[in-house]
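Chemist: Dropping the structure in here first, questions after.
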Amino acid sequence: MTGPLLAADLVTLRGEGWSVGGAADVLSAHQIRRGDLDARSAELLGQWADRLDPVFRAQAVDLRCEKINQLLVSGTALPYLTTHDGLRPHLHFASDAQDVVARVRAVTAGGLALFAVESEGARLGVCQRDGCPVAFVDTSRNGRRAYCSAKCGNYDAVRRHRAPISRR
Ligand SMILES: [Zn+2]
Ligand SMILES: [Zn+2]
(Lines give C-alpha, C1' and ligand atoms only; values in the text may rest on other atoms or scores of the structure.)
(Ligands and ions follow the chains in the order given, each with its own letter.)
Protein backbone atom coordinates (compact mmCIF):
# COMPACT_ATOMS: atom_id res chain seq x y z
CA MET A 1 0.00 0.00 0.00
CA THR A 2 3.05 2.26 -0.11
CA GLY A 3 2.09 3.77 -3.46
CA PRO A 4 -1.27 5.36 -2.63
CA LEU A 5 -0.23 6.45 0.87
CA LEU A 6 2.98 8.01 -0.42
CA ALA A 7 1.00 9.71 -3.19
CA ALA A 8 -1.49 11.12 -0.67
CA ASP A 9 1.32 12.49 1.51
CA LEU A 10 3.05 14.11 -1.46
CA VAL A 11 -0.20 15.79 -2.54
CA THR A 12 -0.80 16.95 1.04
CA LEU A 13 2.69 18.38 1.35
CA ARG A 14 2.21 20.21 -1.94
CA GLY A 15 -0.88 21.86 -0.46
CA GLU A 16 0.76 22.63 2.87
CA GLY A 17 3.88 24.16 1.37
CA TRP A 18 6.48 22.21 -0.55
CA SER A 19 10.10 22.11 0.61
CA VAL A 20 13.12 19.91 -0.02
CA GLY A 21 13.22 18.88 3.64
CA GLY A 22 9.50 18.21 3.77
CA ALA A 23 9.65 16.04 0.67
CA ALA A 24 12.65 14.11 2.03
CA ASP A 25 10.73 13.49 5.27
CA VAL A 26 7.78 12.09 3.34
CA LEU A 27 10.07 9.73 1.42
CA SER A 28 11.76 8.49 4.57
CA ALA A 29 8.38 7.99 6.29
CA HIS A 30 7.52 5.60 3.46
CA GLN A 31 10.88 3.81 3.48
CA ILE A 32 11.90 4.98 0.05
CA ARG A 33 15.48 3.87 -0.19
CA ARG A 34 18.19 6.38 -1.08
CA GLY A 35 15.59 9.07 -0.59
CA ASP A 36 17.95 12.00 -0.14
CA LEU A 37 16.95 14.84 -2.43
CA ASP A 38 18.75 17.73 -4.03
CA ALA A 39 16.86 20.86 -5.04
CA ARG A 40 16.37 19.69 -8.62
CA SER A 41 15.00 16.27 -7.62
CA ALA A 42 12.68 17.91 -5.10
CA GLU A 43 11.38 20.24 -7.80
CA LEU A 44 10.70 17.32 -10.14
CA LEU A 45 8.91 15.47 -7.35
CA GLY A 46 6.80 18.54 -6.68
CA GLN A 47 5.74 18.57 -10.33
CA TRP A 48 4.86 14.90 -10.01
CA ALA A 49 2.79 15.67 -6.91
CA ASP A 50 0.80 18.13 -9.04
CA ARG A 51 -0.02 15.25 -11.37
CA LEU A 52 -1.00 12.98 -8.48
CA ASP A 53 -3.39 15.61 -7.16
CA PRO A 54 -6.25 15.11 -9.68
CA VAL A 55 -6.32 11.39 -8.91
CA PHE A 56 -7.44 12.26 -5.38
CA ARG A 57 -9.74 15.07 -6.49
CA ALA A 58 -11.53 13.22 -9.30
CA GLN A 59 -15.26 12.86 -8.63
CA ALA A 60 -15.88 10.11 -11.17
CA VAL A 61 -14.28 6.68 -11.47
CA ASP A 62 -13.67 7.02 -15.21
CA LEU A 63 -11.82 10.28 -14.79
CA ARG A 64 -9.75 8.88 -11.93
CA CYS A 65 -8.78 5.85 -14.00
CA GLU A 66 -7.83 8.09 -16.91
CA LYS A 67 -5.59 10.18 -14.65
CA ILE A 68 -3.92 7.06 -13.27
CA ASN A 69 -3.39 5.75 -16.80
CA GLN A 70 -1.56 8.96 -17.68
CA LEU A 71 0.65 8.45 -14.64
CA LEU A 72 1.36 4.87 -15.69
CA VAL A 73 2.52 6.06 -19.10
CA SER A 74 4.86 8.66 -17.65
CA GLY A 75 5.96 6.89 -14.51
CA THR A 76 6.36 3.18 -15.05
CA ALA A 77 8.32 0.74 -17.16
CA LEU A 78 8.35 -3.05 -17.33
CA PRO A 79 6.83 -4.19 -14.04
CA TYR A 80 8.55 -7.15 -12.39
CA LEU A 81 8.08 -9.27 -9.28
CA THR A 82 10.62 -8.99 -6.52
CA THR A 83 11.18 -10.54 -3.08
CA HIS A 84 13.87 -8.13 -1.87
CA ASP A 85 14.59 -7.88 1.87
CA GLY A 86 12.60 -11.02 2.61
CA LEU A 87 9.34 -9.35 1.60
CA ARG A 88 6.45 -11.20 0.03
CA PRO A 89 6.49 -11.12 -3.76
CA HIS A 90 5.39 -7.70 -4.92
CA LEU A 91 5.57 -5.67 -8.10
CA HIS A 92 8.17 -3.02 -8.79
CA PHE A 93 7.48 -0.64 -11.65
CA ALA A 94 10.98 0.75 -12.04
CA SER A 95 14.46 -0.70 -11.77
CA ASP A 96 16.19 -0.34 -8.40
CA ALA A 97 19.06 1.30 -10.21
CA GLN A 98 16.95 4.30 -11.14
CA ASP A 99 17.13 7.57 -9.26
CA VAL A 100 14.77 8.44 -6.46
CA VAL A 101 12.47 10.58 -8.61
CA ALA A 102 11.94 7.79 -11.13
CA ARG A 103 11.33 5.26 -8.36
CA VAL A 104 8.80 7.50 -6.61
CA ARG A 105 6.98 8.08 -9.89
CA ALA A 106 6.88 4.35 -10.48
CA VAL A 107 5.74 3.31 -7.00
CA THR A 108 3.01 5.94 -6.86
CA ALA A 109 1.68 5.36 -10.39
CA GLY A 110 1.84 1.57 -10.15
CA GLY A 111 0.57 1.53 -6.57
CA LEU A 112 -2.41 3.77 -7.39
CA ALA A 113 -3.30 1.52 -10.32
CA LEU A 114 -3.20 -1.63 -8.18
CA PHE A 115 -5.18 0.14 -5.49
CA ALA A 116 -7.82 1.29 -7.97
CA VAL A 117 -8.34 -2.32 -9.03
CA GLU A 118 -9.01 -3.36 -5.43
CA SER A 119 -11.06 -0.27 -4.51
CA GLU A 120 -13.10 -0.25 -7.73
CA GLY A 121 -11.74 3.21 -8.42
CA ALA A 122 -12.93 4.70 -5.14
CA ARG A 123 -11.41 5.33 -1.70
CA LEU A 124 -9.07 8.14 -2.70
CA GLY A 125 -10.02 11.65 -1.67
CA VAL A 126 -9.25 15.08 -0.32
CA CYS A 127 -10.55 16.65 2.88
CA GLN A 128 -13.84 18.47 2.25
CA ARG A 129 -13.11 21.22 4.75
CA ASP A 130 -12.32 24.44 2.89
CA GLY A 131 -8.65 25.23 3.02
CA CYS A 132 -7.52 21.86 4.36
CA PRO A 133 -4.82 20.48 2.03
CA VAL A 134 -4.92 16.85 3.17
CA ALA A 135 -5.33 14.07 0.60
CA PHE A 136 -6.07 10.60 1.93
CA VAL A 137 -6.57 6.93 1.22
CA ASP A 138 -9.95 5.96 2.64
CA THR A 139 -9.57 2.76 4.64
CA SER A 140 -12.80 3.25 6.56
CA ARG A 141 -15.29 0.40 6.70
CA ASN A 142 -17.92 2.06 4.48
CA GLY A 143 -15.50 3.97 2.26
CA ARG A 144 -17.34 7.27 2.63
CA ARG A 145 -14.72 9.32 4.35
CA ALA A 146 -15.09 13.05 3.62
CA TYR A 147 -12.65 14.63 6.06
CA CYS A 148 -9.03 13.99 6.93
CA SER A 149 -9.80 13.96 10.64
CA ALA A 150 -12.57 14.23 13.19
CA LYS A 151 -11.30 17.75 13.83
CA CYS A 152 -12.00 18.91 10.27
CA GLY A 153 -15.37 17.13 10.26
CA ASN A 154 -16.44 18.79 13.51
CA TYR A 155 -15.25 22.18 12.32
CA ASP A 156 -17.42 21.90 9.22
CA ALA A 157 -20.42 20.59 11.17
CA VAL A 158 -20.25 23.62 13.49
CA ARG A 159 -19.84 26.00 10.57
CA ARG A 160 -22.84 24.52 8.75
CA HIS A 161 -24.85 24.73 11.93
CA ARG A 162 -24.06 28.43 12.29
CA ALA A 163 -24.60 29.37 8.66
CA PRO A 164 -27.88 31.17 7.94
CA ILE A 165 -30.45 28.87 6.38
CA SER A 166 -30.56 30.85 3.14
CA ARG A 167 -26.87 30.27 2.55
CA ARG A 168 -26.89 26.53 3.07
ZN1 LIG B 1 9.82 -3.37 -2.98
ZN1 LIG C 1 -8.87 18.21 6.89
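The values are calculated or read from the model by the stated rules, or taken from the named source; none is laboratory data. None of the values given here were measured: they were computed from a predicted structure. No Cβ is skipped: glycine too gets one built from the backbone with ideal geometry, and neighbour counts run over all protein chains shown. Calculation scope for accessible area: heavy atoms of the full protein, side chains included, ligands and nucleic acids excluded. Shrake-Rupley method; radii C 1.70, N 1.55, O 1.52, S 1.80 Å.
Chemist: When ranked by the protection proxy of mean other Cβ atoms within 10 Å per residue, highest first, what sequence do the peptides 26-33, 45-52, 68-75 form? Write out the running numbers ahead of the final one.
Modeler: Values: 26-33: 15.8, 45-52: 19.5, 68-75: 17.5.
Packing order, densest peptide first, comes out as 45-52, 68-75, 26-33.
Chemist: Ok, one more. Give the cysteines in the chain for which no other Cys Cβ lies under 4.7 Å away, or write none if there are none.
Modeler: 65, 152
Chemist: Below 8 Å between Cα atoms, with a sequence gap of 6+, how large is the relative contact order for region 2-124 in percent? Can you show the working numbers first?
Modeler: Values: 138 pairs, mean separation 36.4, N = 123.
Computed value for region 2-124: 30 percent relative contact order.
Chemist: If you don't mind, another one. Is it possible to state the helix-based mean residue ellipticity at 222 nm for the chain, with each DSSP H run of 4+ residues giving -39500 (n - 2.57), the sum divided by total residues, to the nearest 500 deg cm²/dmol? What is it? Kindly include the intermediate steps, with their values, before the conclusion.
Modeler: Working: 6 runs with 92 residues, N = 168.
After summing the helix terms and dividing by the residues of the chain, the value is -18000 deg cm²/dmol.
Chemist: Then there's this: Calculate the FRET efficiency for residue 158 and residue 84 from the Cβ-Cβ distance with a Förster distance of 41 Å, rounded to the nearest 0.05.
Modeler: Working: r = 48 Å, r/R0 = 1.18.
About 0.25, to the nearest 0.05.
Chemist: Calculate the spin-label point distance for residue 2 paired with residue 31, positioning each point 7 Å from the Cα along the beta-carbon direction, and give it in nanometres.
Modeler: So the label points at residue 31 and residue 2 sit 0.7 nm apart.
Chemist: Right, here's the next one. Over region 2-124, with a single point scatterer placed on each C-alpha, what log10 of the ratio I(q)/I(0) does the Debye formula yield at q = 0.16, 0.17, 0.20 1/Å?
Modeler: Cα-only, vacuum Debye calculation for region 2-124: -0.73, -0.82, -1.13.
Chemist: Could you work out what % of the accessible surface of region 116-168 is carbon and sulfur, using a 1.4 angstrom probe and leaving DNA, RNA and ligands out of the count?
Modeler: Working: 1880 of 3910 Å².
Here carbon and sulfur together make up 48 percent of the probe-accessible area.
Chemist: Let me ask something else about it. Would you mind working out the accessible area per residue for region 1-155, using a 1.4 Å probe, and quoting it in Å²? Please report the intermediate quantities before stating the final value.
Modeler: Details: 8550 Å² over 155 residues.
On a per-residue basis, region 1-155 sits at 55 Å².
Chemist: Can you tell me the mean projection area, over all orientations, of the convex hull of region 48-95's alpha carbons? Units nm², please. Don't skip to the answer; put the middle values down first.
Modeler: On the way: hull surface 17.2 nm².
For the Cα atoms of region 48-95, the hull's average projected area reads 4.3 nm².
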